[in-house]
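Visitor: First the structure, which I've put down as structure tokens, then a few questions once you've had a look.
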Amino acid sequence: MHEKVCCFTGHRPERLDMSAEKAIAGLKQQIEKTIDDGYTCFISGMQRGVDIWAAELVTDLKAQGKPLKLICACAWDGMENGWEQSWIDRYQNILAKADEVIYVGTKPCRASFFERNHWMVDHSSRIIGVFTGAPGGTKEALWYATNKGLEVIKVT
């Protein structure tokens, strides 16, 4: 566990039970609180939806002069292949602005997503999650973070 490092987890847009605007507003509020708590490093898993929205909020705050670091922890190189072009553009824009890009897994498979989630939690002390209660990677990441002793913040 690393002090003052925060990672994100959350659903893809089509699995959220709230609007994108509400999720982004909740993320923004929690990111600002996390910065007020002394956090300066954020890790995004770079999936469509919550991960990309959170990374964009961090890069926006960096552009405003906040001394923040963004690490993009991607499940594998090329994970964005097959997405709609608008999401690919956002993904590539964030990677270009990131302080570090890490490809955790080596091949496109479900296990690489779980490996990436564990890597993020293992390198953080707080996790911000947008979670509907549905089974899947977000639920597993929050469970793993809780069992590792991270502070868990849920956006609802």
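The values are calculated or read from the model by the stated rules, or taken from the named source; none is laboratory data. Since the structure is predicted, the reported quantities are computational estimates derived from the model, not experimental observations. Counting neighbours? That spans all protein chains shown, and the Cβs are built from the backbone with ideal geometry, glycine included. The area values use the complete protein model at the heavy-atom level, side chains included, leaving out ligands, DNA and RNA. Shrake-Rupley method; radii C 1.70, N 1.55, O 1.52, S 1.80 Å.
Visitor: List, please: which pairs have Cβ atoms under 8 Å, are six or more places apart or on different chains, and start with a residue in the stretch 17-36 that is acidic (D, E) and end with one that is not in a helix (DSSP H, G or I)?
Guide: Correct list of pairs: D17/T132.
Visitor: Is one or more of the residues making up the stretch 44-58 in contact (Cβ under 8 Å) with a residue 12 or more places away in the chain, closer than 17 Å to S112 by Cα and surrounded by fewer than 16 Cβ atoms within 10 Å (Cβ to Cβ)?
Guide: Taking every residue of the stretch 44-58 in turn, none turns out to be in contact (Cβ under 8 Å) with a residue 12 or more places away in the chain, closer than 17 Å to S112 by Cα and surrounded by fewer than 16 Cβ atoms within 10 Å (Cβ to Cβ).
Visitor: May I ask you to verify whether W76 is part of a loop (DSSP other than H, G, I, E, B) and of a type in the set (A, V, I, L, M, F, W, C)?
Guide: Answer is yes for this residue.
Visitor: Separate question: Go through the stretch 46-60 and give me each residue that's of a type outside the set (K, R) and either part of a loop (DSSP other than H, G, I, E, B) or touching a helix residue (DSSP H, G or I) at 6+ places or on another chain (Cβ under 7 Å) (or both).
Guide: Result: M46, Q47, G49, V50, I52, W53, A54, A55, E56, L57, V58, T59.
Visitor: Filter the stretch 61-73 down to the residues that are surrounded by fewer than 18 Cβ atoms within 10 Å (Cβ to Cβ), small (G, A, S) and not in a loop (DSSP other than H, G, I, E, B) and list them by number.
Guide: Across the stretch 61-73, the qualifying residue is only A63.
Visitor: Here is a follow-up. Would you please name the residue that is farthest from H2 (Cα to Cα), looking only at residues in the stretch 91-105 that are open to solvent by 50 Å² or more (accessible area, probe 1.4 Å) and touching a strand residue (DSSP E or B) at 6+ places or on another chain (Cβ under 6 Å)?
Guide: Y103
Visitor: Here's something else I'd like to know. Name the pairs: first residue in the stretch 78-92 and farther than 18 Å from E56 by Cα, second residue modelled with pLDDT of 95 or more, Cβ to Cβ under 6 Å, at least 6 apart or on different chains?
Guide: none
Visitor: Is it true that I102 is touching a residue at least 12 places away in the same chain (Cβ under 8 Å) and in a strand (DSSP E or B)?
Guide: The answer is yes for I102.
Visitor: If you don't mind, another one. Could you list all residues from the stretch 64-77 that are more than 20 Å from A111 (Cβ to Cβ), touching a residue at least 24 places away in the same chain (Cβ under 8 Å) and not charged (D, E, K, R)?
Guide: Result: P67, L68, L70, I71.
Visitor: Please find, within the stretch 1-16, the residue that is nearest to W53 (Cα to Cα) out of those that are without any contact (Cβ under 8 Å) to a residue 60 or more places away in the chain and in a helix (DSSP H, G or I).
Guide: My answer is P13.
Visitor: Another question, if that's okay. Output the number of residues of the stretch 106-144 satisfying the condition of being buried (at least 20 other Cβ atoms within 10 Å of the Cβ) and part of a loop (DSSP other than H, G, I, E, B).
Guide: The qualifying residues number 2.
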